[in-house]
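Accompanying notes for the structure given below.
The values are calculated or read from the model by the stated rules, or taken from the named source; none is laboratory data. Quick caveat, the model's predicted, so the values are computed rather than measured. FYI the Cβ positions are ideal-geometry reconstructions off the backbone, even for glycines, and counts take in every protein chain you see.
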There are 2 protein chains.
Amino acid sequence: MHRTRVRIVEEALDANNTLARANRADFDRAGVAVVNLMSAPGAGKTSLLERVVGDLPGVRVGVLEGDVQGSLDADRLAGLHVPVTQLNTDPGFGGECHLDANMVRSALGALPLAEIDLLVIENVGNLVCPAEFKVGEDVRVMVSSVTEGEDKPLKYPLMFRTCDLVLVNKIDLLEHLDYDLERFLYNLDQVHPGVQRMLLSARTGEGVDAWRQWLGGLVRDRLGVPA
Amino acid sequence: MHRTRVRIVEEALDANNTLARANRADFDRAGVAVVNLMSAPGAGKTSLLERVVGDLPGVRVGVLEGDVQGSLDADRLAGLHVPVTQLNTDPGFGGECHLDANMVRSALGALPLAEIDLLVIENVGNLVCPAEFKVGEDVRVMVSSVTEGEDKPLKYPLMFRTCDLVLVNKIDLLEHLDYDLERFLYNLDQVHPGVQRMLLSARTGEGVDAWRQWLGGLVRDRLGVPA
């Protein structure tokens with residue numbers, strides 16, 4: 001039984017990878033850089049987007065919002081005058097806990113790819129399954145809030161191991177927490193040695209410039225424009 | 001395609017429900033009350049257990065720890081001199097994002113059911129799939145940290161709708177957050193009108209007595225002992 005189950009899962013992941021490559025080819029043709037943005041619920045993905053998407057000089061941004069239900073995050077971003085597309089995962093089950101390549105593919109027609117340079121895909125809040133499904137992204141960015149504790153890289157290693165940038169958010173709360181930042185960074189290096197990381201606070205704006213510049217650099221690299 | 005997929009999922013949930021009933025029958029025979037404890041990663045499930053499991057007069061507690069990988073939480077609880085059993089969900093995939101009835105069933109042989117009155121099953125940190133799978137519990141308790149924002153009931157409605165008690169944790173941080181507690185409670189009542197809720201802080205101990213008494217009452221009800 002166990003063997004059969006694993007084979008089914010592997011086939012599902014193979015199909016997902018094929019669709020992710022097709023998405024990636026479409027993004028490439030359109031000249032769009034794509035970020036898969038992931039985190040636990042409430043870590044601050046939308047707040048960190050609010051801080052930057054309206055303020056990236058020369059970069060036209062679009063957002064694809066993944067949620068089990070509702071459009072709360074899309075509504076928050078709509079005021080920033082960037083195109084936002086909502087993707088809900090609830091039909092057919094209690095709700096899918098992640099985006100997969102086929103879901104993103106189903107949204108391609110609704111995305112204004114010819115009018116944007118950067119697409120940010122905000123995944124469902126979850127530290128497990130989103131890491132298992134490529135959706136056609138260039139890079140993976142994850143947000144880890146200091147309120148979640150230092151042990152998260154060790155408990156959810158695939159998420160931390162497969163991302164290209166870790167945004168350590170809510171550092172304005174550090175003085176009020178029993179949180180050992182050095183221990184977190186040590187745990188992070190245990191599962192993903194040397195991965196790029198930024199300390200920031202969506203609330204106060206501290207460190208947000210580096211995140212904004214990183215996104216700008218990503219698009220320049222993609223378009224082949226010197227900084 | 002979509003229709004087929006839904007049918008497969010429904011069959012999987014049917015099988016899960018059958019196994020959950022079998023687990024429940026075994027727990028009933030042993031006279032053990034069972035709590036399925038759920039939350040997002042880092043909301044404070046283990047910290048709230050540390051506060052109470054060693055200090056429930058007349059109640060013998062056991063814990064089943066569900067994690068993708070590792071035994072960090074089990075190690076934390078081991079010092080409290082209660083039996084702790086570790087269940088890891090990582091074999092065969094990148095890691096299952098939830099416990100299901102069959103996983104709990106596979107652990108039954110390792111649980112000292114004859115020697116405990118209360119089993120707390122600490123689920124994988126995730127607000128989506130754990131809510132979809134019964135494991136044989138009497139009650140579901142979820143932890144929602146105030147650091148996660150007021151919108152979570154609306155974004156993860158199944159989790160909030162299917163629980164019997166909501167522990168609103170980390171209230172010691174309220175003064176440092178832009179968090180509207182009244183708005184959270186309003187959202188909670190939108191998806192689960194009148195569900196029991198407790199405001200507490202695992203860090204300071206505020207409100208923890210009510211949580212301890214609630215667990216004691218659960219066991220007394222189960223054993224038919226008057227309070």
**Message:** Can you pull out every residue in the stretch B:131-147 that is closer than 16 Å to A:ASN126 by Cα, in contact (Cβ under 8 Å) with a residue 40 or more places away in the chain and more than 9 Å from the chain's Cα centre (by Cα)?
**Reply:** B:ALA131, B:GLU132, B:SER144, B:SER145
**Prompt:** Among A:HIS176, A:HIS81, which is the only one that is in contact with a helix residue (DSSP H, G or I) (Cβ under 6 Å, 6 or more places away or on another chain) and of a type outside the set (Asp, Glu)?
**Reply:** A:HIS176
**Request:** With respect to B:ARG24, determine if the residue is within 22 Å of A:ASP151 (Cα to Cα), surrounded by fewer than 23 Cβ atoms within 10 Å (Cβ to Cβ) and within 16 Å of the chain's Cα centre (by Cα).
**Result:** no
**Message:** Kindly evaluate A:ARG222 against the criterion of being within 14 Å of chain B (Cβ to nearest Cβ), surrounded by fewer than 22 Cβ atoms within 10 Å (Cβ to Cβ) and basic (Lys, Arg).
**Reply:** no
**Message:** Let me spell it out: the conditions are (1) touching a residue at least 60 places away in the same chain (Cβ under 8 Å); (2) more than 8 Å from chain A (Cβ to nearest Cβ); (3) more than 26 Å from B:ASP209 (Cβ to Cβ), and B:ASN187 meets all of them except one. Which number is the exception?
**Reply:** (1)
**Asked** Can you pull out the residues in the stretch A:34-53 that are more than 9 Å from chain B (Cβ to nearest Cβ), modelled with pLDDT of 95 or more and part of a loop (DSSP other than H, G, I, E, B)?
**Response** A:ARG51, A:VAL52
**Fill in**
Here the residues within the stretch B:179-203 that are more than 21 Å from the chain's Cα centre (by Cα) and either under 20 Å from B:LYS45 (Cβ atoms) or modelled with pLDDT under 95 (or both) are B:TYR179
**Prompt:** What residue, among those in the stretch A:172-183 that are part of a helix (DSSP H, G or I), within 12 Å of chain B (Cβ to nearest Cβ) and of a type in the set (A, V, I, L, M, F, W, C), is surrounded by the most Cβ atoms within 10 Å (Cβ to Cβ)?
**Reply:** A:LEU173
**Prompt:** Across the stretch B:189-211, which residue is surrounded by the fewest Cβ atoms within 10 Å (Cβ to Cβ) among those that are under 18 Å from B:GLU137 (Cα atoms) and either basic (Lys, Arg) or in contact with a helix residue (DSSP H, G or I) (Cβ under 7 Å, 6 or more places away or on another chain) (or both)?
**Reply:** B:VAL195
